[in-house]
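Here is the structure we will look at, set down as structure tokens.
The values are calculated or read from the model by the stated rules, or taken from the named source; none is laboratory data. Worth saying up front: this structure is predicted, and the values here are computed from it rather than measured. With ideal geometry, Cβ positions are generated from the backbone for all residues, glycine too; neighbour counts draw on all protein chains shown. Ligands, DNA and RNA are stripped out before the accessible areas are found, and what is left, the full protein with its side chains, is counted by its heavy atoms. Shrake-Rupley method; radii C 1.70, N 1.55, O 1.52, S 1.80 Å.
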Amino acid sequence: MSASAVHAGPRSLVVVGASLAGLRAVEAARKAGFTSRITLIGDEPRLPYDRPPLSKQMLAPDGPTDPVTFRGRAEFDELGVELLLGTPATGLDPDAKVVHAGGAEVPYDALVIATGAAACGLPGTEGLAGVHVLRTLDDARAVRRALDEGARTVVVGAGFIGSEVASAARKRGLPATVVEALPAPLVRSVGRELGAALSSLHTRNGTVLRCGQAVAAVEGADRIEGVRLTDGTVIGADLVVVGIGAMPRTEWLAGSGLPVDDGVVCDEFLGAGAPGVYAAGDVARWHNVLFDRSMRVEHWSAAAEQGARAARNAVAPEDLRPYSTVPYFWSDWYGSRIQFAGVAAEDGVEIVSGDPAGDHFVALYREGDRLTGVLTLNGQRHVMKYRRLIAQHARFDEAVAFARASATTAS
Amino acid sequence: MRIVLDRAKCTGIGICESLAPTVFEVDDRGELVVLAAEVPEGALDEVTEAVEGCPAMALRLEP
């Protein structure tokens, strides 16, 4: 196979977004034998870094303060990737095949959009010191500093990232409260019953959990002093971390004509509806053939995989391959590891190992007669076995039988 | 082909196990156990998929 045969197609690849998906995109393009120009554009003024530690190791008193970067600048040079960092993309013209970034026009033949998602803030708290989202290294450093100073911590939103912050505060013995607007936490992620089970980790570890309460007002002139809930309760706070979700970063695509609907709408090949344009990571909503549905996932492993797949499809359009996956994420709370794979269908849940009130359980989710999801608490040995069964379209009763057989073998 | 694991990069989440369970298994502590030093007969496809699918790029194959 000659290089010219492979690259009769695109003569240049531009990747917008320099986090995990964008990084894996440029690496995969080179791995696939693409030898032409590659440009990686990112809005943060730093090399791609790993985000999961921001709400985990980096919040510990003895944890690292510098991020884990995947590659140094020299390694990007070696890879032949031109970096445009600190350079937010501001527009896309898919007819002219040009990305607007930092006042310049960057032409492309193939484009991967990997601009991620932005954490939603709490309206009315702009400019108030001590109120943070947690998405970037700067956010993590600010939260860490506040914890180092012994902040009374309030987390708004009982989701995974906020729960990790509450866990970090409690580990230091600081008072922590989690405020959730919905009557029960994590319903959309893991279902009502198991959302309650996971949330009991908060109360068991001394975090106050207030569900069905929104933030009515924040107190403090320049610096946060407290949070007033809708029932009138005031909770004193030196640190408020807002974890109420993230919005895909598509604002820069306005006027481009690309289909956007809670993410860049892609087909099963991650193709974004314009010639040579693909999307990957948190910003991409694509058709996942494994579940025959449109999905947008904000998961680390999917960002890595989609970045690589999108780039391979972009540089070798004669060899398009679909991207499908069993979505997977993990979260670390109070020294326990939570792992989830698949989708949390509500047709039925069965506990096949452990006890939701205890420190270990494995729960399986069904949709009709099919296994669609697995949630584990401290079940590292279990979760991926079921992820494989989900990918293989296993029936629910087969999965339960597998669980029973494994339990027999183990005992 | 030899299977090489870079423990410094491995996060132990086990994407590899879901792709090639005969060769990779995560234990109770979340540590990856490589069950075979060499790619077993007939498993090259799934092991290759696992190596390429590792989101942490912690796996490689060596001749």
A:G162 fails exactly one of (1) surrounded by 24 or more Cβ atoms within 10 Å (Cβ to Cβ); (2) part of a loop (DSSP other than H, G, I, E, B), namely (2)
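Any residue at all in the stretch A:266-284 that's in a strand (DSSP E or B) and touching a Ser or Thr at 6+ places or on another chain (Cβ under 8 Å)?
So in the stretch A:266-284, the residues in a strand (DSSP E or B) come out as A:271, A:277-279, A:284.
Going one step further and asking which of them are touching a Ser or Thr at 6+ places or on another chain (Cβ under 8 Å), we end up with none.
For the stretch A:266-284, residues in a strand (DSSP E or B) and touching a Ser or Thr at 6+ places or on another chain (Cβ under 8 Å): absent.
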If the requirement is being within 14 Å of chain B (Cβ to nearest Cβ) and modelled with pLDDT of 95 or more, which of these qualifies: A:E27, A:E44? A:E27
Based on this model, can you work out whether B:A50 counts as more than 10 Å from chain A (Cβ to nearest Cβ), open to solvent by less than 80 Å² (accessible area, probe 1.4 Å) and either in a loop (DSSP other than H, G, I, E, B) or not β-branched (V, I, T) (or both)? yes
I'm trying to understand the selection: among the residues of the stretch A:78-117, which are of a type in the set (A, V, I, L, M) and open to solvent by 40 Å² or more (accessible area, probe 1.4 Å)? A:L84, A:A96, A:A104
Do we find that B:C10 is part of a loop (DSSP other than H, G, I, E, B) and crowded, with 16+ Cβ neighbours inside 10 Å in this structure? yes
Would the stretch B:25-33 turn up any residue that is in a strand (DSSP E or B), facing chain A (nearest Cβ under 9 Å), crowded, with 17+ Cβ neighbours inside 10 Å and at pLDDT 90 or above? yes
Could you check the stretch A:230-252 and list, in sequence order, the residues that are assigned to a strand (DSSP E or B) and surrounded by fewer than 21 Cβ atoms within 10 Å (Cβ to Cβ)? A:V234, A:I235, A:G236, A:A246, A:M247
Quick check on the stretch A:285-297: of everything there that is more than 23 Å from A:L92 (Cα to Cα) and outside any strand (DSSP E or B), which residue is most open to solvent (accessible area, probe 1.4 Å)? A:D292
Condition first: on the phi > 0 side of the Ramachandran plot and of a type in the set (S, T, N, Q). Now tell me which residues in the stretch B:6-63 satisfy that. none
Do we have any residue at all in the stretch A:253-262 that's among the charged types (D, E, K, R), touching a residue at least 60 places away in the same chain (Cβ under 8 Å), open to solvent by 20 Å² or more (accessible area, probe 1.4 Å) and in a loop (DSSP other than H, G, I, E, B)? no
Tell me which residues, restricted to the stretch A:15-52, are within 21 Å of the chain's Cα centre (by Cα), free of Cβ contacts under 8 Å to residues at least 60 places away in the same chain and not in a loop (DSSP other than H, G, I, E, B). A:L40
Out of A:R46, A:R30, I need the residue that is more than 30 Å from A:W333 (Cβ to Cβ) and surrounded by fewer than 22 Cβ atoms within 10 Å (Cβ to Cβ). Which one? A:R30
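Please state which one of A:L198, A:L134, A:L182, A:L147 is open to solvent by 60 Å² or more (accessible area, probe 1.4 Å) and not in a strand (DSSP E or B). Please lay out each step first, then the result.
Values: A:L198 fails: open to solvent by 60 Å² or more (accessible area, probe 1.4 Å); A:L134 fails: open to solvent by 60 Å² or more (accessible area, probe 1.4 Å); A:L147 fails: open to solvent by 60 Å² or more (accessible area, probe 1.4 Å).
Just a single option satisfies the conditions, and that option is A:L182.
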Among the candidates A:V297, A:V326, single out the residue that is in contact with a helix residue (DSSP H, G or I) (Cβ under 6 Å, 6 or more places away or on another chain), under 20 Å from A:L186 (Cα atoms) and modelled with pLDDT of 95 or more. A:V326
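Per-residue answers, yes or no, for (1) touching a residue at least 60 places away in the same chain (Cβ under 8 Å); (2) in contact with an Asp or Glu (Cβ under 6 Å, 6 or more places away or on another chain); (3) of a type outside the set (S, T, N, Q):
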site	(1), (2), (3)
A:D355	no, no, yes
A:R366	no, yes, yes
A:L375	yes, no, yes
A:Y386	no, no, yes
A:A391	yes, no, yes
A:A401	no, no, yes
A:R404	no, no, yes
A:T409	no, no, no
Would you kindly identify the strands (runs of 3 or more DSSP E) lying entirely within the stretch A:306-411 that contain at least 2 residues that are away from chain B (no Cβ under 14 Å) and over 18 Å from the mean Cα position of the chain (by Cα)? A:348-354, A:361-367, A:370-377
Return the residues of the stretch B:34-47 that are open to solvent by 40 Å² or more (accessible area, probe 1.4 Å) and more than 22 Å from A:Q306 (Cα to Cα); say none if nothing qualifies. B:V34, B:L35, B:A37, B:E38, B:P40, B:E41, B:G42, B:L44
Check A:G124 against each of (1) surrounded by 15 or more Cβ atoms within 10 Å (Cβ to Cβ); (2) under 13 Å from A:V242 (Cα atoms); (3) over 22 Å from the mean Cα position of the chain (by Cα) and name the one condition it does not meet. (1)
What tally of residues in the stretch A:150-197 results from selecting those that are among the charged types (D, E, K, R) and more than 21 Å from the chain's Cα centre (by Cα)? 6
Yes or no: B:T22 more than 9 Å from chain A (Cβ to nearest Cβ), open to solvent by less than 50 Å² (accessible area, probe 1.4 Å) and either modelled with pLDDT of 95 or more or over 20 Å from A:F340 (Cβ atoms) (or both)? no
